[in-house]
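Q: I'd like to ask you about the structure that follows.
The values are calculated or read from the model by the stated rules, or taken from the named source; none is laboratory data. All of these numbers come straight from a predicted model, not from anything done at the bench. Positions of Cβ are generated from backbone atoms using ideal geometry, with glycine treated the same way; all protein chains shown enter the neighbour counts.
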Amino acid sequence: MATRADFIIDQSSTFSTNIDLSQSDGTLLQLNSPGGALYTASGAIRKSHSTGVIQNFTCATTDQSPNQDKLTISLTGAQTKAIKAGVYVYDVNIVRNSDSHTTRVLEGQVEFTPSVVNPPDSAIFSGIGVDYASSPNAGNFSVNDTPYRP
């Protein structure tokens with residue numbers, strides 16, 4: 001079972017968040033090694049679970065050995081501007097490159113809120129860090145820079 005996190009993203013805003021992954025025993029999950037990537041990540045947004053993909057997240061892993069590797073998902077201002085205001089569903093998966101084992105690490109709803117001015121690009125949408133409870137199958141996850149609206 002994946003960890004659940006819901007996001008609110010303003011249209012035309014750049015969105016980015018880090019996902020910290022650890023194994024069920026609490027040890028770090030290394031996404032990369034000196035020899036290359038151990039896992040590949042992907043994420044998608046849909047209007048509902050049974051519809052086509054509206055937008056894919058850009059997913060990037062950063063090797064920070066011996067510390068925790070980072071998984072970052074992001075959308076550009078142009079991508080968020082192109083999505084109609086409303087509530088959508090999303091998920092993020094990692095695939096172990098050695099055997100193609102797939103694990104859903106994060107899922108939830110994302111709400112895109114309309115912009116009055118609708119500029120082409122805004123500053124990075126940042127907020128507060130929230131730690132989410134661990135999932136017995138997927139490990140412990142921290143979601144940093146979760147959307148925050150005052």
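Residues are listed down the side, and each one gets a yes or a no for (1) modelled with pLDDT of 85 or more; (2) under 20 Å from T102 (Cβ atoms); (3) touching a strand residue (DSSP E or B) at 6+ places or on another chain (Cβ under 8 Å):
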residue: G36; (1), (2), (3): no, yes, no
residue: T40; (1), (2), (3): yes, yes, yes
residue: G43; (1), (2), (3): yes, yes, yes
residue: R46; (1), (2), (3): yes, yes, yes
residue: N67; (1), (2), (3): no, no, yes
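Q: Next up: Which one is farthest from V89 (Cα to Cα) among residues in region 59-79 that are loosely packed, with under 15 Cβ neighbours inside 10 Å and hydroxyl-bearing (S, T, Y)?
A: The residue in question is S65.
Q: Looking at region 42-75 only, could you name the residues that are among the β-branched types (V, I, T) and without any contact (Cβ under 8 Å) to a residue 60 or more places away in the chain?
A: Within region 42-75, T51, V53, I54, T58, T61, T62, T72, I73 qualify.
Q: Then there's this: Write out, first by first residue and then by second, each pair whose Cβ atoms fall under 6 Å of each other, whose residues are 6+ apart or on separate chains, and whose first residue, in region 105-117, is among the charged types (D, E, K, R) while the second is outside any strand (DSSP E or B).
A: Every condition considered, the pairs that remain are E107/A2.
Q: Being exposed (fewer than 12 other Cβ atoms within 10 Å of the Cβ), under 30 Å from S12 (Cα atoms), touching a strand residue (DSSP E or B) at 6+ places or on another chain (Cβ under 7 Å) and at pLDDT 95 or above is the requirement here; does V53 meet it?
A: yes
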